[in-house]
Structure formats: C-alpha cells, structure tokens
1. Applying a 10 Å radius around every beta-carbon, put 32-40, 154-162, 102-110 in order of their mean neighbour count, most first.
2. Which FRET efficiency, nearest 0.05, do LEU141 and GLN169 yield, Cβ-Cβ r, R0 41 Å?
3. Rounded if a/c is under 1.5, else prolate if a/b beats b/c, else oblate: with a ≥ b ≥ c from the C-alpha gyration tensor eigenvalues square-rooted, which is the range 17-92?
4. How far apart, in nanometres, would the label points at VAL30 and ALA49 be if each is projected 7 angstrom from Cα along the Cα-to-Cβ direction?
5. For LYS100, what charge total do you get from the other residues with a beta carbon under 14 Å from its beta carbon, if Lys and Arg give +1 and Asp and Glu give -1?
6. When the accessible area of the range 23-94 is computed with all protein chains present and a 1.4 Å probe, what percentage of it is carbon and sulfur?
7. How far apart, in nanometres, would the label points at ARG69 and VAL88 be if each is projected 7 angstrom from Cα along the Cα-to-Cβ direction?
8. Measuring with a 1.4 Å probe in the full set of protein chains, what accessible area per residue, in whole Å², belongs to the range 34-144?
Amino acid sequence: MSDDLRAAVAAGVVGSEESFRTLLQSVVEVARAIFGAKASSIFLLDEEADELVFEAVAGEGAETLVGQRFPSSTGVAGWVLVTRQSLVIEDVTADPRFSKDVAESTGYVPKGLMAVPLLHEEQVLGVLEVLDRPQRSQFSLVEMDLLGLFANQAAIALDLLRRARRAEQVLAESGTGSDVVARLAATVDGLEDERREAGLKLLGALEEVLRRDEGGY
C-alpha cells in the first residue's frame, strides 16, 4: 500500500470525511457568530486544479456555495493564499486585491472582510474569511487573536479532510485487502483512549501483512 494510505490509516482518518466536514462547518458557524458577521467561509486549495474550493460556508451563500471553485490566485483569498499574510479590509471597493467579478458570481458582494491563510506544518492549505462584521473604529488585537485561533482549528480540519479524501482515492484504486483496512480504520476512529490505541496497533500489524503480500519487504 502507498505511504498516503499508511499515513491515513495511522491517523484513523479513513472513512471519516463527513466528520471532518462537520468540524469545518462548526468553525465557520462559530466564527460568524463570534464576530457578528454576515458570513464566514473556508476555502481549500486544490493543488492539481490550482483552484480554491468553497468547503464550508455559514451565513450568506451557505445553501449554494459549497463546491464552487475559482482560480487560486484570484481576489483577496488568492492574495492571502500566495502571500500567507492575514488581511483586514474595511472597504473592499477601495482595495485593488478585491475581485468584484468573483464576488458577484457567488451572489453576495461584501463591504468588508477579514481573511487569514490556513497553514499546517508550513504548508498552506486554504483560506478562512469572515465577511461584513460590524465595523469598529479599529481592528483590535483581541479580534486578531480570535482569527488566529479559528485559523488553527480550520487548518487542522482541512488537513484531516485532505488526508481522508486522499486515502479514499487510494482505496478506490487499490486491490483486495484495502477495503478491510478502511472498514477497520473507520471503526477504530470511533473508539476511545486505550481501545483506540490498541485498535491502531492492530491496523498497523494488518497493514504490514498486506504490504508484504503486495510485494513489500
């Protein structure tokens, strides 16, 4: 089996895509509520297509935007992705980085926004945006700290989601035996503490047997 599949099994993520999507949705919903914003969204970078994909949306556009894509270098989200810098814009119409065309295509054009890159182990995974929070005289350090906390949680969830999808793709292309590991991994992921640790050891042993059967050492 591939390194991707082994890594996914070791982390207990195979078959868990829905739980990670739920975690992402929780992040945007709480972020929207905490900041009192009109909307919040998480974009995942699809490296192969070089596009940003709406993975979770709360508020405006929640019913229609998930799954929509646009070029990764486009607009504020693209700028944040490339530069890995957070950005706060109180008036998007005055900022050349804002792409009105992309915003209009989503059906919602914000007046202001906050955006932060989602980084995991030095790799940029996507972008978190909070749109149209109540304007204040100054963006506070407390808000920046909160935005950073949400970004950390979103990055962890995105990383798990990517790994789960990668593992599922490998499984779909693999031969007999991989489906057994997938089912076991999904079951082990729902266990607690010592039982989960023991289950992961079992998965590791099973994976070794399968790897040898497939021509490994």
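The values are calculated or read from the model by the stated rules, or taken from the named source; none is laboratory data. Just so you know, these numbers come straight off a predicted model, no measurement behind them. Backbone-built Cβ (ideal geometry, glycine too); neighbour counts: all protein chains shown. Remember, those area values only see protein heavy atoms, side chains included, never the ligands or the DNA or RNA. Shrake-Rupley method; radii C 1.70, N 1.55, O 1.52, S 1.80 Å.
1. Details: 32-40: 19.6, 154-162: 23.2, 102-110: 15.8.
Output ranking for 32-40, 154-162, 102-110: 154-162, 32-40, 102-110.
2. In this case the efficiency is close to 0.45.
3. Because a/c hits 1.5 or more and a/b fails to exceed b/c, the range 17-92 counts as oblate.
4. With each label point 7 Å from Cα toward Cβ, the separation is 2.9 nm.
5. Values: positive: ARG97, LYS111; negative: ASP91, ASP95, ASP101, GLU104.
Net local charge, LYS100 excluded: -2.
6. Whole-percent figure for carbon plus sulfur exposure: 47.
7. 3.4
8. 50
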